[in-house]
1. Tell me which residues, restricted to segment 75-94, are in contact (Cβ under 8 Å) with a residue 40 or more places away in the chain and open to solvent by 60 Å² or more (accessible area, probe 1.4 Å).
2. Of the residues LEU67, LEU113, LEU118, LEU99, which single one is out of contact with any Phe, Trp or Tyr (no Cβ under 6 Å at 6 or more places or on another chain), closer than 20 Å to LEU148 by Cβ and touching a residue at least 12 places away in the same chain (Cβ under 8 Å)?
3. Kindly check whether there is at least one residue in segment 34-54 that is of a type in the set (A, V, I, L, M), at pLDDT below 70, touching a helix residue (DSSP H, G or I) at 6+ places or on another chain (Cβ under 6 Å) and in a loop (DSSP other than H, G, I, E, B).
Amino acid sequence: MAEVDRLIASAATATGRSASASSLQAIDPRLGQENWSLWSNLNVGSRDDVEGPVQAMLIIDRQMAILLGTYFMLDAIFACLYTALLLRLLWQWRWIRGLVFLILVSELTESALQLVTLGQLQPGTGSSPQGIAGWLAAAPIVTTIKWLGLAALIVSFFAVPWL
């Protein structure tokens, strides 16, 4: 995931701006809200249209869509794997299972929202996709639930001595 995110962040617009996909999954996903408009501004047509050192960093919109889709899918797979591991280790505590399922559902919902927004990305427009309003409304709620669930899980390890 880190390598795909590095490739995403290395793509720059003609003005030299770039954005990372991991900022969409931070504690406050609104920090990455301008990423969508930056990514939609990456359609430069051909690498030959741009001169100088920026030329090597520019990629076309189709490649960016593939990288973003890959990143969001890898994040969903990673969430499934780490929740499966947590469930295997902590299956006997019912309330921990509930927390782990809550985390998994919020992670998968977050990835689904990102994939839907990616599907609405308008290459070459330089503006946010139409579905960004839905992302901005739902993402803070889903992300907050995810991070609160993870925090509750971590606190439970310190609060309950038999874990």
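1. PHE78
2. LEU99
3. yes
The values are calculated or read from the model by the stated rules, or taken from the named source; none is laboratory data. Since the model is a prediction, treat every value here as computed from it, not as a measurement. Note that we place each Cβ from the backbone using ideal geometry, even for glycine, and neighbour counts take in every protein chain shown. Accessible surface areas use protein heavy atoms only, side chains included; no ligands, DNA or RNA. Shrake-Rupley method; radii C 1.70, N 1.55, O 1.52, S 1.80 Å.
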